[in-house]
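Here the structure comes first, spelled out in structure tokens, and everything after it is commentary.
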Amino acid sequence: MRSPKHFFQPLAVGAPTPLREVPFKPSRMIHFFDPSNEKMAAKVPDIAKKTDVLLGNLEDAIAADNKLAARHGLIRIARSVDFGDTQLWTRINSLDSPWALDDLTELVTNIGDKLEVIMVPKVEGAWDIHYVDRLLAQLEARAGLKKPLLVHAILETAAGVANVEEICAASPRMQGLSLGPADLAASRRMKTTRVGGGHPGYVVRADPDPANPEAVRPAVQQDLWHYTVARMVDACVANGILPYYGPFADIRDTVACEDQFRNAFLLGCVGAWSLHPVQLDIARKVFSPPVDEVLWSKKVIEAMGDGTGAVMIDGKMQDDATFKQCQVMVHLAEMLAAKDPELKVSYQL
Ligand code: GLV
Ligand code: MG
């Protein structure tokens with residue numbers, strides 16, 4: 001294990017000093033686009049205004065023949081588009097693929113100053129992060145970058161879940177994790193072909209009614225992803241990095257998408273991926289705290305004064321712990337209000 005004394009030293013001569021805190025910026029939605037697709041590329045300046053994070057995807061969903069076009073397209077777009085305060089991220093190809101080395105080399109040396117976060121897919125353990133960490137330091141030094149690039153890992157292999165704490169703690173570059181339910185389902189041999197969301201077969205059924213054993217027994221669908229999301233949130237927060245829900249591929253099922261995003265929000269995630277413009281609005285709605293919760297939280301914080309002791313508000317007991325719960329809500333609301341004038345008005349901030 002690296003000594004805590006050395007943890008924040010650059011891993012290459014001339015590379016920028018690692019950050020001590022992950023910047024917590026609005027990142028309710030990470031909108032994916034294919035930089036090799038001319039039509040999508042043309043919409044980037046417009047979409048950039050509607051999303052917190054724009055991500056140029058080089059990995060899955062980009063056909064092998066388009067990999068180089070996607071990489072070069074992203075370099076061109078990053079150089080020519082004004083992203084305002086929207087963060088530009090990329091998802092590189094997996095580390096065992098023929099493209100990952102050149103993805104990193106070309107992106108960092110050409111547009112390293114435009115990118116904030118590099119998403120690394122199919123991370124299995126700390127060793128994958130260590131490899132990327134050192135290579136990024138070498139490339140940052142070569143490119144003369146002043147600000148370190150951050151790394152976001154997708155939690156999408158059984159080994160990755162087994163090693164999730166070590167992955168989060170592997171480098172000061174770690175910015176966050178996303179759940180990758182499609183690859184994770186395949187890796188675990190889960191028998192679902194859906195990307196995120198529930199499954200009609202995964203239920204808990206009520207016991208038979210002894211008075212009427214033949215009667216239909218109600219069954220309630222359960223959340224296939226609950227364990228993994230909760231585990232991811234704990235690993236991230238324990239290491240000072242940010243958890244995100246990943247993709248929901250049934251674009252037409254906006255209701256189930258909203259439910260999946262909300263489950264993740266309630267469990268502690270800060271955002272989710274958007275695969276289609278319709279999901280931008282869902283993520284904005286879900287990952288911005290509800291107005292009534294923010295107003296309630298402000299009321300509790302005001303009534304609690306220095307945050308100690310107990311008070312009754314509307315028949316509900318409030319104490320130091322609820323004060324902290326309310327602070328989570330208000331801090332998030334304040335950050336989002338600074339970006340979004342409509343939210344500022346609704347939150348009365
Ligand atoms: C995302 O990459 C997933 O595999 O779900
Ligand atoms: Mg995947």
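A short reminder: the numbers here are calculations on the coordinates, not readings from a lab. Please read these numbers as outputs of a predicted model, since none were measured by experiment. With ideal geometry, Cβ positions are generated from the backbone for all residues, glycine too; neighbour counts draw on all protein chains shown.
Side notes on the structure shown:
- Euclidean distance of C-alpha centroids, segment 83-157 and segment 225-241, integer Å: 22
- Under conditions of 37 °C and 0.692 mPa s, the chain yields 151 µm² s⁻¹ as its translational diffusion coefficient, taking Rh as the Kirkwood radius over Cα pairs in the Stokes-Einstein equation.
- Oblate is the label for segment 1-111. Its Cα gyration tensor axes, ordered a ≥ b ≥ c, give a/c of at least 1.5 and b/c at or above a/b.
- Segment 234-349 - Kirkwood radius from inverse mean 1/r over Cα pairs (Å): 15.6
- Estimated FRET transfer efficiency (Glu165, Glu302; beta-carbon r; R0 51 Å; 0.05): 0.85
- The distance between label points at Ser3 and Lys50 comes to 5.3 nm (points 7 Å beyond Cα on the Cα→Cβ vector).
- Whole-percent P(r), segment 40-188, all Cα pairs, 5 Å bins from 0: 2, 10, 20, 22, 21, 16, 8, 2, 0.
- Order of Trp99, Trp273, Trp225 - criterion: other Cβ atoms within 10 Å of each residue's Cβ, fewest first: Trp99, Trp225, Trp273
- Long-range HN-HN contacts of Ser274 with modeled amide H, under 5 Å: Ile30, His31, Phe32
- Annotation for segment 289-332 versus segment 1-80: alpha-carbon center distance of 37 Å.
- Rounded to whole numbers, the Karplus 3J(HN,Hα) couplings from phi for segment 261-268 are 4, 5, 4, 5, 4, 5, 7, x Hz, using 6.51 cos²θ - 1.76 cosθ + 1.60 with θ = phi - 60°, and x at Gly and Pro.
- With 23 Å as the limit, the listed pairs Lys39/Lys146; Lys67/Lys147; Lys316/Lys339; Lys49/Lys344; Lys299/Lys344 have Lys39/Lys146; Lys67/Lys147; Lys316/Lys339 beyond it between alpha carbons.
- Under the Karplus curve 6.51 cos²θ - 1.76 cosθ + 1.60, θ = phi - 60°, whole-Hz ³J(HN,Hα) for segment 289-305, x wherever Gly or Pro sits: x, x, 4, 5, 5, 5, 5, 4, 4, 4, 5, 5, 4, 5, 5, 7, x
- Reciprocal mean inverse distance between Cα atoms of segment 293-346 - Kirkwood radius, Å: 11.5
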